[in-house]
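As structure tokens, the structure follows; a few thoughts come after it.
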Amino acid sequence: MSRLTRLVALALFVAPFAGALPEFSSLAHRSLAGLSTEELNWILPRLAVAPPENPPGPLNDTSAKLVNDAAHPWRPLAPNDIRGPCPGLNTLASHGYLPRSGIATPAQIITAAMEGFNMENSLARFVTYAAFLVDGNPVTNLLSIGGKSSSTGQDPPKPAIVGGLDTHAVFEGDASMTRADAFFGDNHSFNQTLWDEFAALSNQFGAGKYNLTVAGELRIRRIQDSIATNPTFSFVAPRYFTAYAESVFPINFFIDGRQTDKQLDLDDALSFFRDMKFPDGFFRAGQPSGAEGLEVVAAAHPVPPGANTGTLNSYTPDPTSADFSHFCLLYVNFVNQTIKSLYPNPTGVLRDALNRNLDFLYEFVDDPSCPQVFPFAEQIASLNIFINGSAVNIAEADVKHMDYKEA
């Protein structure tokens with residue numbers, strides 16, 4: 001096929017969708033995989049493109065306030081609404097802090113987490129962009145809080161997944177509190193058996209409440225359960241970090257902000273985990289909050305990062321995984337391994353969107369001892385340039401956004 005013929009075919013492919021909103025169902029089964037770099041550079045700008053928005057800043061009012069209010073009533077799911085493994089995001093969508101469809105932009109998610117739960121701004125930004133970069137669509141700037149959806153727009157070329165938050169092993173992971181491991185088939189729906197364990201341990205160690213003591217016991221129990229029942233169980237970064245954060249989020253965000261004892265009522269917990277609903281008259285946290293208490297839970301029963309090796313009870317520590325003493329390694333490996341594996345050679349608007357979102361992700365790190373990495377830099381053939389016949393070597397600092405090879 002000639003170059004002209006291929007471009008005409010691409011034009012016919014794009015024509016029905018150019019300028020359209022990303023919520024088009026006709027693209028559900030189309031793919032850009034297999035197209036050349038030249039063709040991708042031609043087609044991507046003609047698809048529905050939404051440049052990355054600047055992330056919202058902190059709230060002006062960070063006090064406890066009623067969030068289950070008249071402006072945000074709970075509603076049952078409509079036929080095409082999407083929910084996923086995160087009870088907090090599910091609740092925000094069911095109350096309209098997020099689009100009730102379950103399809104949202106990163107900025108919408110950050111704003112909703114702050115407005116609905118008083119999540120601290122920098123943490124809201126970090127977890128949102130981490131999830132978005134592996135589970136969302138960088139070109140359309142949309143993420144499904146549950147399963148894969150055509151409403152996030154045309155997929156970038158494979159191996160990108162754009163599978164929503166249900167996607168296993170890139171952000172969502174094993175040993176969840178009320179969701180089963182992906183190995184068993186459903187990693188996103190409320191699991192009554194796991195809830196019963198949650199309640200039993202709350203009764204045993206928390207006098208009927210969920211607190212930091214219970215969180216430590218439940219975390220080790222869920223790890224032990226997965227080691228014993230899931231031959232593919234993996235507990236390395238980033239899941240190693242998100243699992244412990246998941247353990248303390250209910251204490252920091254699901255307790256009424258007028259309450260100061262850090263004891264989560266089980267009826268209120270069930271309202272979030274199962275019903276995706278703020279309890280009646282619920283006030284958000286009284287101050288911006290994050291992962292407070294994580295170190296208490298992690299210290300209760302220390303477990304190194306690791307995984308089963310294909311058989312039950314074969315858990316083996318993984319010294320290459322980041323842990324709590326090596327946060328920079330979490331960031332570097334997440335960017336250079338996880339994200340790079342999904343987007344090995346992005347071009348054009350896709351690369352630009354990835355770089356911009358990676359900038360947003362790094363703003364949380366912002367540590368001179370952990371410099372930003374740039375996996376999607378412009379390629380140049382050589383560092384040597386010639387000025388008036390003399391070779392001059394360009395310093396790395398002068399090509400901040402470029403990967404390079406020495407001449």
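The values are calculated or read from the model by the stated rules, or taken from the named source; none is laboratory data. Because the structure is predicted, anything quoted here is derived from the model rather than measured. All Cβ positions, glycine included, derive from the backbone under ideal geometry; neighbour counts span all protein chains shown. When the accessible area is computed, the model is the full protein with side chains, heavy atoms only, and any ligands, DNA or RNA have been set aside. Shrake-Rupley method; radii C 1.70, N 1.55, O 1.52, S 1.80 Å.
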Exercise. Per-residue accessible area for Val127 at 1.4 Å probe radius, Å² rounded to 10?
Worked result: 40
Problem set entry | Leu77-Phe205 pseudo-label distance in nm [points 7 Å out on the Cα-to-Cβ vector] | 3.1
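Need one word for segment 108-182: rounded, prolate or oblate. Basis is the Cα gyration tensor (sqrt eigenvalues a ≥ b ≥ c); a/c below 1.5 gives rounded, then a/b vs b/c decides.
Details: a/c = 2.01, a/b = 1.19, b/c = 1.69.
Because a/c hits 1.5 or more and a/b fails to exceed b/c, segment 108-182 counts as oblate.
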Seminar exercise, completed: Of the listed pairs Lys148/Lys340; Lys148/Lys277; Lys148/Lys262, those with alpha carbons more than 31 Å apart are Lys148/Lys262
Exercise. In sequence order, what are the phi-derived ³J(HN,Hα) couplings for segment 177-190 according to the Karplus relation 6.51 cos²θ - 1.76 cosθ + 1.60 with θ = phi - 60°, rounded to whole Hz, with x for glycine and proline?
Worked result: 6, 10, 10, 6, 5, 4, 4, 8, x, 10, 9, 10, 8, 4
Problem set entry | Order of exposure, largest accessible area first, which applies to Phe376, Phe324 with probe 1.4 Å | Phe324, Phe376
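Pull out a ≥ b ≥ c, the square roots of the eigenvalues of the alpha-carbon gyration tensor of segment 48-95, then state rounded if a/c is under 1.5, prolate if not and a/b is larger than b/c, and oblate in the remaining case.
Oblate, since a/c reaches 1.5 and b/c is not below a/b.
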For this session: Set the Förster radius R0 to 25 Å, insert the Cβ-Cβ distance between Thr309 and Lys262 as r into 1/(1 + (r/R0)^6), and round the FRET efficiency to 0.05.
Result: 0.10
Exercise. So how much slack lies between Ile161 and Arg356, counting 0.36 nm per residue of separation and subtracting their Cα-Cα distance, in nm?
Worked result: 68.3 nm
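Rank Glu363, Glu120 by accessible area, highest first, at a 1.4 Å probe radius?
Numbers: Glu363 90, Glu120 65 Å².
Reading off the accessible areas and sorting them downward yields Glu363, Glu120.
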For this session: Give me the accessible area of Lys340, 1.4 Å probe, in Å² rounded to the nearest 10.
Result: 60
For this session: Could you check the simple spin-label distance between Thr320 and Ala228, using points 7 Å along Cα→Cβ, in nm with one decimal?
Result: 3.1
For this session: At 1.4 Å probe size, with no ligands or nucleic acids counted, give the accessible surface of Phe327 in Å², nearest ten.
Result: 70
Exercise. Going from most exposed to least, what order do His301, His95 have by accessible area with a 1.4 Å probe?
Worked result: His301, His95
For this session: Check cross-link reach from Lys209 to the aspartates and glutamates: straight Cα distance under 16 Å, and skip same-chain residues fewer than eight apart.
Result: Asp196, Glu197, Glu217, Asp256, Asp261, Asp265, Asp267, Asp268
